[in-house]
Structures are given as structure tokens and as C-alpha cells.
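Note sheet for the following structure.
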Amino acid sequence: MGVVILVLVVIAALFAVVSGVWVALALITAISEHNAEQMSSDKDNKI
Amino acid sequence: MQTVLSVAVVGTYLVVLTFVAVRARAAREFAEFSLAKRALPLALVFGSLAATYVGPGFSIGFVGRGFKSGLLFLGIGLAYAVQNILVGLFVAPRLRRLKGCHTLGDAIGQKYDRKCQILAGIISVGLCAGFAAVMAKAGGDVLRSIFGLPHWSSVIVVVGITALYTTFGGLRASVITDAFQFSAFAILLPLMLLLVLMFHLNGGAATFAKEASAATTAGFDSTSPIKILGLVAAFLLGETLIPPYANRALASKTTSISRNGFVLAGLFSFVWFMVMIALGIAARSIIQGDIEEDKVLMKLVESTMPAAGYALLLVVLISIIMSSLDSLLNAGAVAFTQDIVKPFAKVPDGTALNIGRCATIIIAAIAAVGALAVPSIIGGLLICYTIWAPAILPVLIIGLWIKRPRPLAGILSMGIGTLVAIMFQFVFPSATEVPAIIPALGAALLAYILGHWIEKVYEERKRWE
């Protein structure tokens, strides 16, 4: 019984870590997309 | 040495946070300030929702509850997960489908009338300021423990930094920084649990199960069934669709992202509670003697982690608090502009943006002053929950589901729900053993039915004349 509870807890912890990594990757994508958008709008303004 | 390291780690964290906030750029129009142009992807909606609801109560508080009451609070927390999933399945998509809607007040205004929108706006702004004051107090407490500053100046630092990026960046900056803060605490605290389980748990799985059973029995012995019922009601309804959550439902890129964001956030909340409760149970075999609930997490870190671990925990706590605070400041400012100012005057977009920014600063100032009057973190949160659910939920949820909601029902339900909640909370706190949220919710529902019936009868009589 103890082992089952502990395994569930470990799975929960790993799930939380994976969620954190997923959101971090989405954040990096959002920021880099935003940078690309800003650079292209700067270029358009110069033209 | 430990103080120097803590200050260095927290300082570095604040610099990185500022960099992330700057990358989010300043909002250029009100639609960007209030709804991030309705372009949020699933991961950011989910991360931001989770970052907003995981405050000091769902972290420090739950570890302490796990320590004292074992798995009891995991069962109670299940109500919160169910609430998020139900909102995701049934309410958030309906909310997202409404056109030109920036706030909950807007949704209520579209379904009822302008007066209802203004009243909902006043309640939203008041509640956001109240919740923000609680977060400001918690942030002040953490900073005071690092830098040893007086409490008022710690509060000003936390509120000042948060208000700065929220004022300029609006919802987009709030969501981007929330995602960053979510990643910090969703990775660090579960990793800490794994380290504790691997290297510090004396007696292994058998001890863990024994401690869980002993704590859970003690929890049931010290909590009456009526109190458990009240807690389940508070977790099920108290935080349902508070303004920052509603803003994220409205700002999602599509209806399905809005739905899935809430469902995922609900599933995550259960996982998160498991991690926090497990930390509390593990602490029982490590921390000896009696200890205050709110100090269990700090003590556990001190006993098991190196100095760098303690500094990282402070970063986690600041992340948890600031991510809730920025969402509340933005939601309050948007509700003020959209639900209180705009119904009275047609304002150009640039002016609306400036009003939103000024409102952010004013709500931040109110929160900083209010933080000094907040009795305790959990106490402050419970007061806000008790007022929010009866004041807004019946009107919003019934309004989204029935064909012709009546404005009188909306006004009566919001007014009476708020009054009864305040009466039971402040004037007659010991009038009944039942938590104030239950009678207040009952009164709000009755007032709604009464208002609906009166207006329906009046309309029918008018039709006959």
C-alpha cells in the first residue's frame, strides 16, 4: 500500500515538472515569435 | 553567507523577470491591455491560470495542512479541481463565445443591462483590491524575511515591481510573466519533493504510509463534518471565475483553448495538491516537535536543502505571490475601465488605455495600504471567497444558461448576496456554525428567483393592459 501511494506521488511530481517545462517552452516560443514580428515590422518601417 | 546568497539569487531572479516582462512589450491599445488581443495559446492560458490560483494558500498552506491533516485536504482540494473542470466544460466556452466582451461585468451587462454591469464592475474591482491586499501582505512577509526590511517597505517593493510591469504591459505582460513564474515553481517544488523522498525519508514507503494514515486520522478527528462541508463549498465555489480567470477565458485564442485551458488547470490543481500534501506528510518524519502550519515548508527546506535550496525556495515563493498579484491588478483595472467608466462615457481607445493604467496604479496603492490591515493570509482569502461566490456566481451562471435573464433578478441577487455575506462574515460571525458562504449563496439564489418572478409578472401584466 505504502509503495502504491509513493509511486502515485512520484508520478504527480513528474507530471508537475513536465507541465512546468511545457509552459517554459511555450514561453520561449512566444517571446521569439514576438521578436521576429517586431524585427519584421521595424524593417517595414525603414522601407 | 546564507543571507548574501539569498539576496543574490532573489536579485538575479528579479532581473530575469524584468527582462521577460520587457520582452512582452508595452500594450499599445486597450484590447491588448485587457485581453492580449484574444490571441493566447493553450500552454500560456493553462500556465497563467495555474500560476494565478497557486498562491500562498495553495503552497505554504497546503504543505502545512498535509503535515497536520494528511490526506483530508487532498479530498477537499478535489472540489477545487472539479470546479475548474466544470467551468472549463460548461462556462468558459460560453463566455468566450460572447462578442466584444472584456470582463465578467461585460458578460453580465450583455445578458442583463447596464446597471447590472456597473454593480458587477464595482464588486469585481473591490474583490480584486481585496485579493491583491492579501497577496501584497504575503509578498511583504517573504521579502521581510530575506532582507530584514520593515513590513511596509517590503510590501511597497513587491507591489511596486508588480504594478510596474502590469501597468505598461497589461494582460500580455501578466500572462508572460505568469508563465515564467509558473515554470519556476512547477519545476522546483516537485523536484524538492523527489529529493526529500529519495534522500531524507527515514523508513521509506512504509513510514510515509504510516504518517499519512496517522495525520489523516488526526485531521478527521479535529474537523467536524459541518466544517468539512463548509470547506468543500469554499473550494468548490469561492474562487470560481474570479475576474483574472474570466479574463483568461475571454483572452484565449479559440473557444476550445478556453475550455481545454480550464480543464488542464483543474487536472493540474489535483496533481499540485498531491505534491504539496506529500511534502507535508514527508515533513512529519523529518521535523520533530510541534510547529505552526505555515512554517512547515520553510522548516522542511531548512532541514533538508543546502543554502542554495533555501534561496531557491524564496524565489519560488516570490513567483507564487507575484503571479497572483499581477493578474489581480490587471483584472481590477480592466473591470474599472470597462464596467465602471465606459458605461457612463464614450472614451477613445487611447484614453481607455490610460485609464486602465492609472487604475492599475490606484488598485496597487489600495492593496499596499490594505496589506497592513489584513489579519492573516488564509483569513483574508476566506473573506474574499465568501463575498465573491454569492455576489456574482448565480447571476453569471444562470445568465449564461437561460434565454431571457431579468435585470431585476441580477440586481437583487448581487446586492443581497453581497449584503448577507458581509453580515455573516463581519457583523454576526458566530451566528451559525455553518460557514457564511452557504447562507449567503442561498440568499442570493432566493433573491434571484424573486427578482425574476416579479419582473416576469410585471411584464405579463403590462402585456395584458
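The values are calculated or read from the model by the stated rules, or taken from the named source; none is laboratory data. What you see is a predicted model; the values in this text were computed from it and never measured. Reconstructed Cβ throughout: ideal geometry from the backbone, glycine too, with neighbour counts over all protein chains shown. Heavy atoms of the whole protein, side chains included, go into the accessibility calculation; ligands, DNA and RNA do not. Shrake-Rupley method; radii C 1.70, N 1.55, O 1.52, S 1.80 Å.
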Span from the the range B:30-72 Cα centroid across to the the range B:182-212 one, whole angstrom
21
Accessible area per residue in Å² at 1.4 Å probe, computed on the range B:378-465:
54
Enclosed volume per residue, in Å³, of the convex hull spanned by Cα atoms of the protein assembly as shown
156
In square angstrom, rounded to the nearest 10, how much accessible surface does B:Glu302 have for a 1.4 Å probe?
100
Dipole in debye (nearest 20) - the range B:2-374, about Cα centre, beta carbon charges: Lys, Arg +1; Asp, Glu -1:
1160
Using every pair of alpha-carbon atoms in the range B:332-458, split the distances into 10 Å bins beginning at 0 and state the percent of pairs per bin, rounded to integers.
12, 29, 33, 22, 4, 0
0 to 90° range, to nearest 10: angle between helix B:349-371 axis and chain B longest Cα axis:
50
May I have the extent of the alpha carbons of the range B:158-241 along their three principal axes, as whole Å values ordered from largest to smallest?
52, 40, 19
Would you calculate the volume per residue, in Å³, of the smallest convex hull containing every Cα atom of the range B:111-258?
223
Filtered hits (lysines, Cα-Cα < 17 Å from B:Lys115, offset >= 8 within chain) -> B:Lys342, B:Lys346
Which order do the peptides B:188-200, B:412-424 take when ranked by the mean count of other beta-carbon atoms within 10 Å per residue, highest first?
B:412-424, B:188-200
At 37 °C and a viscosity of 0.692 mPa s, what translational diffusion coefficient does Stokes-Einstein give for the range B:37-107, taking Rh as the Kirkwood radius over Cα pairs? Give it in µm²/s as a whole number.
227
Tell me the relative contact order for chain B as a rounded percent, counting alpha carbon contacts under 8 Å between residues six or more apart.
33
Evaluate the Debye formula for chain B with equal point scatterers sitting on the alpha carbons, no solvent, and hand back log10 of I(q)/I(0) at q = 0.08, 0.12 Å⁻¹, in q order, two decimals.
-0.46, -1.02
Tell me what chain B gives for mean residue ellipticity at 222 nm when only DSSP H runs of n ≥ 4 count, each as -39,500 (n - 2.57), the sum divided by the residue total, rounded to 500 deg cm²/dmol.
-26500 deg cm²/dmol
Interface size between chain B and chain A, please: total buried accessible area, 1.4 Å probe, rounded to the nearest 100 Å².
2500
Using a 1.4 Å probe, what is the accessible area per residue for the range B:1-149, in Å²?
34
Around B:Arg463: net Lys/Arg minus Asp/Glu count, Cβ-Cβ under 13 Å
-1
Provide the solvent-accessible area of B:Ser430, counting protein heavy atoms only and rolling a 1.4 Å probe, rounded to the nearest 10 Å².
110
Taking the alpha-carbon centroid of each part, what is the distance from the range B:433-455 to the range B:272-286 in angstrom?
38
The range B:378-465 - percent relative contact order, Cα under 8 Å, separation 6 or more:
37
